[in-house]
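Throughout, read-outs are computed from the coordinates displayed, never taken from laboratory work. This structure is a prediction, so every number in the text was calculated from the model and none was measured. Cβ: placed from backbone, ideal geometry, glycine included. Neighbour counts: every protein chain shown.
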Amino acid sequence: MDYFSSIYSYENLFLAWERVKRNRGCAGSDGITLYDFERELTENLKELSASLSSQDYHPLPLCKFPVPKENPNEFRYLSVPTVRDRIAQTAAYLVLKHVFEKEFENSSHAYREGRGVQTAIQNIMALRKQG
């Protein structure tokens with residue numbers, strides 16, 4: 001299977017767009033919002049596909065936002081990719097998740113769809129009951 005061409009196919013980029021839109025989120029460093037991107041959706045996805053297929057694609061800088069911690073004098077920073085970059089990342093994820101999923105151990109819970117801290121805790125509790 002040619003994974004790379006699957007990533008930049010219009011159909012996959014459109015599926016990635018739908019996920020990115022569903023997650024909402026703000027504009028990145030280029031200032032383009034979801035609404036702006038959607039106004040010329042077909043053209044923007046075709047442009048992204050061409051950029052990926054010709055290997056001219058380069059992600060733009062992240063937009064960093066300070067987020068206050070409990071202590072009012074402390075911050076952590078949230079780094080936000082552009083809408084275009086979030087679509088490219090999601091498109092790669094949609095194609096490659098099946099490839100990598102086969103390689104993960106059942107005990108791995110981080111960064112996996114349908115898994116996380118709660119499923120890890122449940123797994124630990126079940127193993128503990130088994131001795």
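Per-residue Karplus couplings for segment 71-81, computed as 6.51 cos²θ - 1.76 cosθ + 1.60 with θ equal to phi - 60°, are listed in order as 6, x, 8, 10, 9, 10, 10, 9, 9, 10, x Hz, Gly and Pro entered as x. Phi-derived couplings, Karplus 6.51 cos²θ - 1.76 cosθ + 1.60 at θ = phi - 60°, listed residue by residue for segment 98-103: 5, 5, 7, 4, 5, 8 Hz, with x used for Gly and Pro. If exposed means no more than 11 neighbouring beta carbons inside 10 Å and the site is in a DSSP loop, what's the longest run of the chain without any exposed trypsin sites (Lys or Arg not before Pro)? It works out to 25-68.
Just checking the listed ones, A120, A27, A92: in the Gaussian network model of the chain with Cα springs under 10 Å, the one fluctuating most is A120. Between the residues P72, L45, F14, the greatest Cα displacement towards the positive end of the dipole of the chain, with unit charges on the Cβ of Lys, Arg, Asp and Glu, is found for P72.
So what is the calculated 222 nm ellipticity per residue for the chain, using -39500 (n - 2.57) for each DSSP H run with n of 4 or more, over all residues, to the nearest 500 deg cm²/dmol?
Roughly -16500 deg cm²/dmol at 222 nm, from the helical runs in the chain.
The longest part of the chain holding none of the exposed loop chymotrypsin sites (Phe, Trp or Tyr not before Pro), meaning those outside H, G, I, E and B in DSSP with at most 13 other Cβ atoms within 10 Å, is 1-103. Residues whose amide H comes within less than 5 Å of that of C63, counting only those at least five positions distant or on another chain, are S29, V80 (H built at 1.01 Å from N in the peptide plane). Only Cα pairs under 8 Å and 6+ residues apart enter the sum, and on that basis the relative contact order of the chain stands at 28 percent. For segment 115-131, the Karplus equation 6.51 cos²θ - 1.76 cosθ + 1.60, evaluated at θ = phi - 60°, returns couplings of 10, x, 4, 5, 5, 5, 4, 4, 5, 4, 5, 5, 5, 5, 4, 6, x Hz by residue, with Gly and Pro reported as x.
Among the GluC sites (Glu not before Pro) in segment 22-77, those located in a DSSP loop and surrounded by at most 12 other Cβ atoms within 10 Å of their own Cβ are E40, E70, E74. Within the listed set P59, P68, P81, the residue fluctuating most in the Gaussian network model of the chain (springs between alpha-carbon atoms under 10 angstrom) is P68.
Relative to the longest principal axis of the Cα atoms of the chain, the long axis of helix 10-22 makes an angle of roughly 60 degrees.
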